[in-house]
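Notes for the one structure printed next.
The values are calculated or read from the model by the stated rules, or taken from the named source; none is laboratory data. Given the structure is predicted, the values throughout are model-derived calculations rather than measurements. Positions of Cβ are backbone-derived with ideal geometry, glycine not excepted, and every protein chain shown enters the neighbour counts. With ligands, DNA and RNA removed, areas are computed over all heavy atoms of the protein, side chains included. Shrake-Rupley method; radii C 1.70, N 1.55, O 1.52, S 1.80 Å.
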Amino acid sequence: MSEPFTTQKKTSPILLAILLVTFLLSIFSIFLGFNAYLGGDAESASTYMILGATTLALSGYVLFQTRKSIFRLALKTQPITATMLCEKCGLKNVRDFQRGDYIFKEVEPCPKCNEKMVIASIYRVVKEKGNE
Ligand SMILES: [Zn+2]
(Lines give C-alpha, C1' and ligand atoms only; values in the text may rest on other atoms or scores of the structure.)
Protein backbone atom coordinates (compact mmCIF):
# COMPACT_ATOMS: atom_id res chain seq x y z
CA MET A 1 0.00 0.00 0.00
CA SER A 2 1.40 3.37 -0.95
CA GLU A 3 0.77 6.46 1.13
CA PRO A 4 1.03 9.55 -1.09
CA PHE A 5 0.57 12.07 1.71
CA THR A 6 3.22 10.85 4.12
CA THR A 7 5.87 13.45 4.92
CA GLN A 8 9.40 12.44 4.18
CA LYS A 9 11.28 11.63 7.36
CA LYS A 10 14.60 10.70 5.78
CA THR A 11 17.63 12.65 6.91
CA SER A 12 20.16 13.50 4.24
CA PRO A 13 22.72 10.64 4.09
CA ILE A 14 25.53 13.14 3.41
CA LEU A 15 24.73 15.01 6.60
CA LEU A 16 24.71 11.75 8.53
CA ALA A 17 28.09 10.80 7.02
CA ILE A 18 29.55 14.19 8.01
CA LEU A 19 28.17 13.76 11.52
CA LEU A 20 29.66 10.28 11.77
CA VAL A 21 33.09 11.44 10.57
CA THR A 22 33.04 14.40 12.98
CA PHE A 23 32.00 12.11 15.81
CA LEU A 24 34.78 9.61 15.04
CA LEU A 25 37.35 12.42 14.77
CA SER A 26 36.35 13.75 18.15
CA ILE A 27 36.62 10.30 19.71
CA PHE A 28 40.01 9.90 18.06
CA SER A 29 41.17 13.28 19.40
CA ILE A 30 40.08 12.40 22.92
CA PHE A 31 41.84 9.06 22.58
CA LEU A 32 45.05 10.80 21.42
CA GLY A 33 44.75 13.24 24.31
CA PHE A 34 44.34 10.40 26.77
CA ASN A 35 47.37 8.66 25.23
CA ALA A 36 49.47 11.82 25.49
CA TYR A 37 48.36 12.27 29.09
CA LEU A 38 49.47 8.72 29.90
CA GLY A 39 52.78 9.42 28.15
CA GLY A 40 53.33 12.42 30.41
CA ASP A 41 52.76 15.05 27.70
CA ALA A 42 50.23 17.22 29.52
CA GLU A 43 50.34 20.07 27.00
CA SER A 44 49.47 17.91 23.97
CA ALA A 45 46.94 16.05 26.09
CA SER A 46 44.94 19.19 26.90
CA THR A 47 45.09 20.35 23.25
CA TYR A 48 43.72 17.04 21.99
CA MET A 49 41.13 16.91 24.74
CA ILE A 50 39.84 20.42 23.96
CA LEU A 51 39.79 19.63 20.23
CA GLY A 52 37.93 16.40 20.85
CA ALA A 53 35.41 17.93 23.23
CA THR A 54 34.70 20.85 20.87
CA THR A 55 34.16 18.57 17.87
CA LEU A 56 31.98 16.28 19.93
CA ALA A 57 29.87 19.21 21.13
CA LEU A 58 29.54 20.55 17.58
CA SER A 59 28.42 17.25 16.11
CA GLY A 60 25.99 16.80 18.98
CA TYR A 61 24.60 20.29 18.36
CA VAL A 62 24.12 19.63 14.62
CA LEU A 63 22.42 16.31 15.35
CA PHE A 64 20.13 18.04 17.85
CA GLN A 65 19.22 20.75 15.31
CA THR A 66 18.52 18.17 12.61
CA ARG A 67 16.25 16.19 14.88
CA LYS A 68 14.41 19.33 15.90
CA SER A 69 13.66 20.27 12.28
CA ILE A 70 12.43 16.73 11.55
CA PHE A 71 10.15 16.99 14.59
CA ARG A 72 8.85 20.37 13.39
CA LEU A 73 8.13 18.92 9.95
CA ALA A 74 6.08 16.13 11.50
CA LEU A 75 4.13 18.66 13.57
CA LYS A 76 3.43 20.82 10.52
CA THR A 77 1.37 18.12 8.84
CA GLN A 78 -2.16 19.42 8.50
CA PRO A 79 -5.31 17.36 8.03
CA ILE A 80 -6.49 16.75 4.47
CA THR A 81 -10.09 17.52 3.62
CA ALA A 82 -12.25 16.25 0.79
CA THR A 83 -15.20 18.25 -0.54
CA MET A 84 -18.10 16.20 -1.87
CA LEU A 85 -20.53 17.63 -4.34
CA CYS A 86 -23.96 16.41 -5.42
CA GLU A 87 -24.22 16.95 -9.16
CA LYS A 88 -28.01 16.85 -9.07
CA CYS A 89 -28.90 19.41 -6.38
CA GLY A 90 -25.52 21.05 -5.84
CA LEU A 91 -25.26 20.15 -2.15
CA LYS A 92 -21.75 20.42 -0.77
CA ASN A 93 -20.35 18.32 2.04
CA VAL A 94 -16.93 18.32 3.66
CA ARG A 95 -15.27 15.42 5.41
CA ASP A 96 -11.78 14.20 6.29
CA PHE A 97 -9.70 12.72 3.52
CA GLN A 98 -9.84 8.94 3.50
CA ARG A 99 -7.29 6.59 2.04
CA GLY A 100 -8.16 5.89 -1.61
CA ASP A 101 -10.04 9.15 -2.17
CA TYR A 102 -9.62 10.86 -5.52
CA ILE A 103 -11.30 13.64 -7.48
CA PHE A 104 -14.58 12.55 -9.21
CA LYS A 105 -14.77 9.39 -7.08
CA GLU A 106 -18.34 8.43 -6.24
CA VAL A 107 -18.95 8.45 -2.52
CA GLU A 108 -21.96 8.22 -0.22
CA PRO A 109 -25.41 9.26 -1.48
CA CYS A 110 -26.61 12.84 -1.10
CA PRO A 111 -28.61 13.33 2.14
CA LYS A 112 -31.02 15.59 0.25
CA CYS A 113 -31.87 13.76 -2.97
CA ASN A 114 -30.17 10.39 -2.47
CA GLU A 115 -28.12 10.81 -5.66
CA LYS A 116 -24.48 9.64 -5.52
CA MET A 117 -22.12 12.44 -4.57
CA VAL A 118 -18.66 12.85 -6.09
CA ILE A 119 -15.48 14.25 -4.60
CA ALA A 120 -14.99 17.72 -6.05
CA SER A 121 -11.72 18.69 -4.39
CA ILE A 122 -9.08 17.41 -2.00
CA TYR A 123 -6.96 19.93 -0.11
CA ARG A 124 -4.79 20.36 2.91
CA VAL A 125 -6.26 22.58 5.61
CA VAL A 126 -3.78 25.25 6.63
CA LYS A 127 -4.42 26.57 10.10
CA GLU A 128 -3.74 30.22 10.86
CA LYS A 129 -0.97 30.84 13.35
CA GLY A 130 -2.16 31.16 16.94
CA ASN A 131 -5.67 30.13 15.97
CA GLU A 132 -6.91 26.86 17.41
ZN1 LIG B 1 -28.38 16.01 -3.96
- Query: Over the Cα atoms of the stretch 81-123, what Rg and Dmax result, in angstrom?
  - Reply: 9.3, 27
- Query: Counting only protein heavy atoms, what percent of the accessible surface of the stretch 81-123 is carbon or sulfur at a 1.4 Å probe?
  - Reply: 50 percent
- Item | Within-15-Å neighbourhood charge of L32 [Cβ basis; K, R +1; D, E -1] | -2
- Note on the structure: Computed over the stretch 31-114, the relative contact order (Cα-Cα under 8 Å, seq sep at least six) in percent reads 16 percent
- Note on the structure: Over the stretch 81-123, with neighbouring protein chains present, the accessible area per residue in Å² at probe 1.4 Å is 66 Å²
